[in-house]
1. Just the number, please: carbon plus sulfur as a percent of the accessible area of region 196-249, 1.4 Å probe, no ligands or DNA/RNA counted.
2. Could you give the length gained on full extension between S236 and W132, defined as 0.36 nm per residue of separation minus the Cα-Cα distance, in nm?
3. Just need the relative contact order of region 189-249 here, percent rounded to a whole number, with Cα pairs under 8 Å and 6+ apart.
4. Counting pairs of alpha carbon atoms under 8 Å apart in space and at least six apart in sequence, what relative contact order in percent does the chain give?
5. Which whole-number percent gives the relative contact order of region 104-181, counting Cα pairs below 8 Å spaced six or more residues apart?
6. Once a ≥ b ≥ c are taken as the square roots of the eigenvalues of the Cα gyration tensor of the chain, is the result rounded (a/c under 1.5), prolate (a/b larger than b/c) or oblate (a/b not larger than b/c)?
7. Could you report the chain's accessible area per residue, 1.4 Å probe, as an integer in Å²?
8. Can you work out the FRET efficiency for the pair A142 and A16, with r the C-beta to C-beta distance and R0 = 25 Å, to the nearest 0.05?
Amino acid sequence: MSSPLSPEPLKSRLAAGDRLRGLLVRVPAPMLIDMAGTNGYDFIFLDTEHGIADQKDIADHITAARAAGLPTLIRIGEGEAALALRVLDAGAEGIIVPHVRTAEEASAAVRMSHYPPLGDRGFATYTAAGQWGKTSPADHAAQTAARTLVIAMIEDAEGVSNAGAIAQTPGVDVIFVGPSDLAAALEYDASRADDARLQVWAAASGRPVMAIVSTASQARKAWEQGAAMVVLNAQSAIDDCLADWAATS
């Protein structure tokens, strides 16, 4: 039985060279996810590190994204292998792992995200990801291997130094620089952080890279610089719009 998720996995689309647009959701907002589907977005980035953390809310948002025809990528907290297991079982198409500093930590991210032999994630077919038991174990294993994205976040000076090794770690699919944490690690120097981001992108050695933006002009710049995935920070964009309207008279 085929998967009820997106017709073509994000992993396949990236391999084909597609540029993918996502919406970053931090606060509970299932209807915002539906709006993203209506407006032609390619995926949802659900932040459980700094945002939605309740398991039921996470599952509800994944379900809303599936109804809108959008795959979901989940940013977990550092070292949250148990959460990675649960959100992948709930139907997420990939995991975004923060503070990856070394190739060894990148390998740990891969192991928590994949079934054997690539990883050590617990196996189950009686979940949303397994179509509630309607997918055979062999088909579920094959579909999961073909779909699951592992995105390594580099947001520390050590990670910048090891960016090439992290990007070449087997099973790492995408590199994503966390601009806020990286700026904090570099004494809150935004210019140094942007230079470090470009250094990481150059060291990614052909791996797709993801960028986070708040405006259309920032998105255009990210595409021009070579991003394969660009994510709109919905909270920032909405807050800017509210501030602009509040300033009118």
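The values are calculated or read from the model by the stated rules, or taken from the named source; none is laboratory data. No experiment lies behind these values; they were computed from the predicted model shown. Every residue, glycine as well, gets a Cβ built from its backbone with ideal geometry; the counts of neighbours run over all protein chains shown. Ligands, DNA and RNA are excluded from the accessible area calculation, which covers all protein heavy atoms including side chains. Shrake-Rupley method; radii C 1.70, N 1.55, O 1.52, S 1.80 Å.
1. Roughly 55 percent of what the probe reaches on region 196-249 is carbon or sulfur.
2. That works out to 33.8 nm of additional length.
3. Relative contact order of region 189-249: 28 percent.
4. 19 percent.
5. Once divided by the residue count of region 104-181, the mean separation gives 29 percent.
6. Because a/c hits 1.5 or more and a/b fails to exceed b/c, the chain counts as oblate.
7. 46
8. Taking R0 as 25 Å, the efficiency between A142 and A16 is 0.85.
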